[in-house]
Amino acid sequence: MGRMTVDGTNHAEQPGNSRWDRAFFGHPRGLSTLFFTEMWERFSYYGMRAILILFMTASIEKGGLGFPTSKAGAIYGFYTAMVYLLSLPGGWLADRITGQRKTVLLGGAIIALGHFAMAFPSLQTFYLGLALIVFGTGMLKPNVSTMVGQLYSKNDARRDAGFSIFYMGINLGAFISPLVCGYLGENINWHYGFGAAGVGMTCGLIQYALGEKYLGKAGLERSGTAADFQLLRRVLIGTGVVVIAALAASFAGLFTFSAEGLANGFGLVLAVIMVVFFVWLLTAKGYTPRERKAFWAILVLFIASSLFWSVYEQAGSTLNLFAERNTNLHQWDYPLWGLFRASYYQSVNSLFIISLAPAFAWLWLKLGRREPSSTAKFAWGLVLVGLSFAILVPVAGGTNVSPWWLVLTYLLQTMGELCLSPVGLSATTKLAPARIAGLMMGVFFASIAVGNYIGGQLAAVYESFPLPMLFGLVGAFATIAGILMVFLLRPMKGLMGEVN
């Protein structure tokens, strides 16, 4: 029996009561709803991502778009950056207008429509699908993570472990999807792979609707004013006018739409957006000195996270191309799956995370007071992801490279990711003021946007530099950044206060 309140209600029977609810492996039952929602969303995202650059660079005769690597890499970086950059307005929308719970549902529906659009073989539906996935993910991604944090009280010792479990759900979907979507896409038809991603997101929506009752009060709060609704109305009208004008001008022949030009020019816009945002955040009125220190800490973690993801995200671009063009894929042919495909490598990282995440969660608890700070974990993450590229330098010039080299690369990246990503999610939820929790989670995902864009630009020059040089520069860049983070351990402790 659960503990009874003075009004006779049973705490154990109240969904979302984090103190007494331990129905999901010792965690709130609502965690399972969010676990499977994110699992299916990541199934759709990583399944499509596993074949995206391969589809763009495949010849038209093979069912692809026939894009050169420079164009495909630019579009890939632009797309993966926008997916996470729109977490900022997605977080604001949830905080102010709709609440996290409704925003996640709407975002998931838009994502599913995007994947189904890409299931149709035309360039127009390809770009439409990418746009819908971008908007939908921006609405879903920051808010489902925010709700995970809301299942726990600020001092609940289970919070970090809860995020680690949630992170396993992410990677369970990411492990399965390249095998399913990659198999369908590379062996049968690219568009079957994209359609399978849409089916996965639809499964996630059904599960979310059925399990919403277990979320308690998580995701229901919103703090919008009349001015916020008016701002949203103006943004929607302005966006609609710009889109209609652009379409009209395009049909009239006044300009030619260039996805590559848009992608390449996006970097300057992204840099300006993030600089303006942090200037506003650090100078805005209405925040306490303690909260302003937390904002400075978030800025440092933002920069470190961006550097990390700029290297890590090349798994779907440069490393995907390296797998297709430079590794001995036939070494792992097997009657069960036939020819081993390059997209299958995208499951290796997730398999390692599923295997190692419990060990890392146990390690942090076992260390107790000796547990490294969030800043120290970020430093380790950067060094490890740098080493993952450094080890490829001796073999990068070959054309029949053993697949075990890529396996080792993904192992090091996984260890780095477990040091940085779930820690960053948890630290952000603890540092952010409750009234802008969704917005600040969007900031963390915006750091991934910056990193993804840089990673895409590196993929665009894949054929312009010798691979040993390219991989060596990337490895050195990340390793040096990790070493620099070590010198920030003491200052960051002062900024983060009681948050480890």
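So, of the residues in segment 281-330 that are charged (D, E, K, R) and over 20 Å from L418 (Cβ atoms), which turns out to be modelled with the lowest pLDDT?
Only one residue fits best here, namely K285.
Testing N187 on (1) more than 21 Å from the chain's Cα centre (by Cα); (2) closer than 16 Å to Q100 by Cβ, one condition comes back false. Which one is that?
N187 satisfies every listed condition except (2).
Testing W309 on (1) aromatic (F, W, Y); (2) without any contact (Cβ under 8 Å) to a residue 40 or more places away in the chain; (3) under 23 Å from G169 (Cα atoms), one condition comes back false. Which one is that?
Only one criterion is unmet by W309, namely (2).
Is it the case that S153 is surrounded by fewer than 23 Cβ atoms within 10 Å (Cβ to Cβ), under 23 Å from I454 (Cβ atoms) and over 14 Å from the mean Cα position of the chain (by Cα)?
Here the answer is no, as S153 does not meet what is asked.
Specify which of the listed residues (A209, A218) is at pLDDT 80 or above and either closer than 20 Å to K141 by Cα or in contact with a strand residue (DSSP E or B) (Cβ under 8 Å, 6 or more places away or on another chain) (or both).
A209
Pick from L105, L113, L52: which is modelled with pLDDT of 95 or more, under 20 Å from the mean Cα position of the chain (by Cα) and over 25 Å from A315 (Cβ atoms)?
None of the others qualify; the one that does is L113.
Answer with yes or no whether L34 is touching an Asp or Glu at 6+ places or on another chain (Cβ under 8 Å), part of a helix (DSSP H, G or I), crowded, with 23+ Cβ neighbours inside 10 Å and of a type in the set (A, V, I, L, M, F, W, C).
no
Kindly indicate the residue of segment 224-255 that is polar (S, T, N, Q) and at pLDDT 70 or above and also nearest to Q150 (Cα to Cα) among those meeting that condition.
If we take residues in segment 224-255 being polar (S, T, N, Q) and at pLDDT 70 or above, then T225 is nearest to Q150 (Cα to Cα).
Testing F67 on (1) outside any loop (DSSP other than H, G, I, E, B); (2) surrounded by 19 or more Cβ atoms within 10 Å (Cβ to Cβ); (3) free of Cβ contacts under 8 Å to residues at least 12 places away in the same chain, one condition comes back false. Which one is that?
(1)
Name the residue, out of V423, V474, V461, that is more than 30 Å from V401 (Cβ to Cβ), touching a residue at least 24 places away in the same chain (Cβ under 8 Å), of a type in the set (V, I, T) and touching a helix residue (DSSP H, G or I) at 6+ places or on another chain (Cβ under 8 Å).
Just one listed residue meets the conditions, V423.
So if I check each of M496, M441, which one is of a type in the set (A, V, I, L, M), in contact with a Ser or Thr (Cβ under 6 Å, 6 or more places away or on another chain) and modelled with pLDDT under 90?
M441
The values are calculated or read from the model by the stated rules, or taken from the named source; none is laboratory data. Only a predicted model underlies this, so the values are computations on that prediction, with no experimental measurement involved. Because the Cβ atoms are built from the backbone with ideal geometry, glycine has one as well, and the counts that use them run over all protein chains shown.
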